[in-house]
1. Helix A:5-28 versus the longest principal axis of chain A: what is the Cα-based angle in degrees, 0 to 90, to the nearest 10?
2. Take the Cβ-Cβ distance between residue B:185 and residue B:24 as r, set R0 to 45 Å, and report the resulting FRET efficiency rounded to the nearest 0.05.
3. Take B:247, A:26 and order them by how many other Cβ atoms sit within 10 Å, fewest up front.
4. Would you compute the Debye intensity of chain A from its alpha-carbon atoms alone, equal scatterers and no solvent, and pass along log10 I(q)/I(0) at q = 0.07 Å⁻¹ to two decimals?
5. What average count of beta carbons from other chains do you get within 10 Å of the Cβ of residues in A:68-79?
6. In nm, to one decimal, how far is the modelled label at residue B:199 from the one at residue A:15, with both set 7 Å along Cα→Cβ?
7. Suppose a student asked you for the relative contact order of chain A, using Cα pairs under 8 Å spaced at least 6 residues apart; what percent would you report?
8. How far, in nm, would the chain grow between residue B:174 and residue B:208 when pulled straight, counting 0.36 nm per residue and subtracting the alpha carbon separation?
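Only the coordinates and a few stated rules stand behind these numbers; no lab work does. Treat the numbers as computed from the prediction; the structure is a model and nothing was measured. Using ideal geometry, Cβ is built from the backbone for each residue, glycine included, and neighbour counts are taken over all protein chains shown.
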């Protein structure tokens, strides 16, 4: 019990100030390595301040001091009891070549689920167009996809002027931002127990399947592959990975087979979710460039075979990257 | 249960609490942030307009990209560099904190801000606001996913005690040991009730004022028994003024130098 508040505050204030200075330093220098003595001193200061808080809590007239001590104790508590690895500086190459593919592989089942839902959508969209071609305006809400494929191919191949001349960079930027927003939205809908994410993936699949079958039925398969493959082999997996991240959130919320509280489950996957969505963002930047600067050019400007081969090479590299990168000990240039 | 306070008990048994921010204050802070984003875009637009005069294509592309980066990255950047605060949150004295009192991590900030896409549905953060209103810790979906809360750090207005209590003899001060015991026995909410009653005494109806101070005096007389010479002949209202003087004057005398509240 505090009898003389004035003396109590005067006596304890140096310890509070010392703790505050130490906390400021720890927060300002994420790489700070304290010696054993410094750690012991930090812990003692924390315990002393926490005890002071307990004493002053009963003191009716000291709300400001109490708030100050609560804040100090809260900050020190976060530093002392935090068990997650301290976030140090980011090493972009290490993150790209190791963290990203390792994270992908760790949650590959969520990716397969994302792929399965998209393929189901593809099958639905393809069958719908095959069985009822009149359903095209319902399935494809984009005007440029409603055109007869043969007519479009003829127009593209006989075009006398470059319709993207002077627009390629801004078109590329529009594609990148739009696709990234769709990806983030797909991820965020994971909070609806994954229902929203699944709907987004299925709907993407429906559009893809419907367009593919529409062009195949019209005998324009080569044009379709040459048009979609250069950017699609990166863009579609990027959306699938965003779906994977959304499904990770959903699985953490549902928590099937995991008895840990939802808060713990969500905490466990938050770093992986961020890694996957940053990976998606990078892939979409690449896809945006390719779509604006390559995919929109057709024969006779660029042969379809060359575009298909380019897309094929991209796909092989992408699969190799996610399957193999970071599986062995890191190469020397990735060492910190 | 919705408490409006985030209380954390440390393994040492110490409890510290922080008041939680409600949906309205958070919405107002968000409006300020939107204003900041608009101003930033206006300034960027002026620069990009010059680039557009040289290359319309490049200028437009940069505008699209910069707008995207600022609108998504604004909150992430400020919450990370300002330890849980954006400009709007600073103005309204709000702060993002870990729900378990741990160190706020970059991942948490990214997740809570990316999930704005769902919280903002269908317009003006309806989903987020509704979730926040229903949730016991006032969390929107992004906060739930990231394990964060938004806490308040209100500035406590200091009453002008000199003006309020000046020139009055305080009979309770003749017994310092009993005055110290009174300070010890009175809880913070009780002290605040007495202070508010004295501060707002002129706003009460006369009868209500007499009744209120009568009840308060009876309550505080039960806290510590002062000798008759300290209480006899002292009206109920004066007794409460003396109690406030004992509690808060001691605080004024021992006040610390300004400290960072958060």
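1. With both axes taken from Cα atoms, the answer is about 30 degrees.
2. Computed FRET efficiency for residue B:185 and residue B:24: 0.75.
3. Fewest-to-most ranking of B:247, A:26: A:26, B:247.
4. After summing over all Cα pairs, the log10 values are -0.47.
5. What the average comes to for A:68-79 is 6.
6. Modelled inter-label distance: 3.2 nm.
7. 23 percent
8. 9.2 nm
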